[in-house]
Amino acid sequence: MHILRVDDRPSSVLSEAEFDLFICASGYESRSTFIFELMANEGKFRSVLALGFEKSCQQEWRARNDELFARDGVEISLVLEDQEQSIFELLEKAVPVFSTVRLLVDYSSMPRRWINAIVNFFKFNQGLEHVEVFFVYSMGSHIERSVVPEYPESDYQISSIESLTTLEGAAVRQKRTMAIVGLGFEWIAPFAACELMEPDDVLAFYGEPGSLPDYGERALGINSRFIDEFCRDEAPIPLSVRSVEHTYRILGELAAPAISSRNVALVPLGPKTHVLACILVANRLPEVTCIYVQGSRERVQQVEAVGKESVVVTSVQWIAASGQAGDLVALD
């Protein structure tokens, strides 16, 4: 299937539309169940597929979230974080075989590989004609900022740096490489990615406006050394955490002209809305690579939902491969 459209939608659509399937994740943050609780009383979805991390099921907030789903009769499907094939198998059973399907996906607590697996499922699906997926993200407040050490200290342990499945980029490699790096709240990650890739050119972007008034200022401060070393010619670009559509358009405009002369790698290290936009751009531009810097820290940083007014909803429509794919940069 081809991506037809990527559109921002108001949060009111959650109470207005009806969905064939609701996909969510029981994670380690308190916000993991926020959308489910918001939607449960509406009765707007026919069935639920709740994914759970197979490791560390007894972590305190993870156990609380599992219990909440269980009280509503929802069984958790345990999956290893890197097992995209397991996501495919679960989706094969859960997604209804209609000509037109509408799904709701809460990716607030999903790892990048799960988000990518859901997108890949529809990309390679040959039995559906039209799919509309409402990706919903609950913006969070990092209530324990001291958990994340800032430069020059870090407890972040990087375990791997690799491309996401099917987003490896062009088979024929160019001589020059451009990295488009999304800045987050961990200063060591962009250094590790660029030291591995050794890009000739680096562009950076960050979340602004974000979920909190100082979100963008904080991201720039944490990454100031990286910006000084790698982004001398171009100031980091502010991209709203609240608009996947806008981020998708801008990143497409940056990547598309460069792919004829350079290897282009998207490296989303910031908010999940930016991660989703990067995955969608790399799907529309197969020459572009999407890099995943996987790591962990000593303590899980607790994140709580900001509220209903800070829910980001993105409609992504796919059509059968025989149809006309949408324009990446200038959607009608």
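Read the figures in this text as sums done on the coordinates, not as results from a lab. Not measured: the values here are computed from a predicted model. Methodologically, a virtual Cβ is constructed for each residue, glycine included, from the backbone with ideal geometry; neighbour enumeration extends over all protein chains shown.
Given just the C-alpha atoms of the stretch 52-132, how large is their convex hull per residue in cubic angstrom? Let's see the in-between values first.
On the way: hull volume 8.2 nm³, N = 81.
Value for the stretch 52-132: 101 Å³ per residue.
Computed from the C-beta positions of Val172 and Glu229, the FRET efficiency with R₀ = 51 Å rounds to 0.95. Note on the stretch 201-279: along the principal axes its Cα atoms extend 39, 29, 15 Å, ordered by decreasing extent.
Greater than 24 Å separation of Cα atoms is the criterion. Which listed pairs, Lys44/Lys308; Lys272/Lys308; Lys175/Lys272; Lys93/Lys308; Lys55/Lys272, meet it? Violating the 24 Å limit, Cα to Cα: Lys175/Lys272; Lys93/Lys308. Between Gln126 and Ser296, the modelled labels are 3.8 nm apart [label points 7 Å from Cα along Cα→Cβ].
Show me the ranking of peptides 224-230, 35-41 by mean Cβ neighbours inside 10 Å, starting with the highest. Numbers along the way, then the final one.
Numbers: 224-230: 15.4, 35-41: 17.4.
Put in order of decreasing packing, that is 35-41, 224-230.
Annotation: peptides 121-129, 252-260, 133-141, ranked by per-residue average of other Cβ atoms within 10 Å with the highest first, follow the order 133-141, 252-260, 121-129. For the chain, the convex hull drawn through the C-alpha positions has a volume of 129 cubic angstrom per residue.
Once Rh for the stretch 145-296 is found with the Kirkwood sum over Cα pairs, what is the Stokes-Einstein diffusion coefficient at 25 °C and 0.890 mPa s, in µm²/s?
It diffuses with D of about 159 µm²/s by this estimate.
Computed over the Cα atoms of the stretch 13-54, pair by distinct pair, the Kirkwood hydrodynamic radius stands at 10.9 angstrom. Secondary-structure-derived ellipticity at 222 nm for the chain, considering helices only, amounts to -8500 deg cm²/dmol, per-run term -39500 (n - 2.57) for DSSP H runs with n ≥ 4.
For the stretch 145-296, what does the relative contact order come out to in percent, with C-alpha contacts under 8 Å and a separation of six or more?
Values: 288 pairs, mean separation 55.2, N = 152.
Averaging sequence separation for qualifying contacts and normalising by length gives 36 percent for the stretch 145-296.
Considering only Cα atoms, the convex hull volume of the stretch 225-322 works out to 161 Å³ per residue.
Taking max minus min of the alpha-carbon positions on each principal axis, the stretch 248-298 gives extents of 42, 19, 15 Å, largest first. Computed from the Cα positions only, the extents of the stretch 1-113 along the three principal axes stand at 39, 31, 25 Å, in decreasing order.
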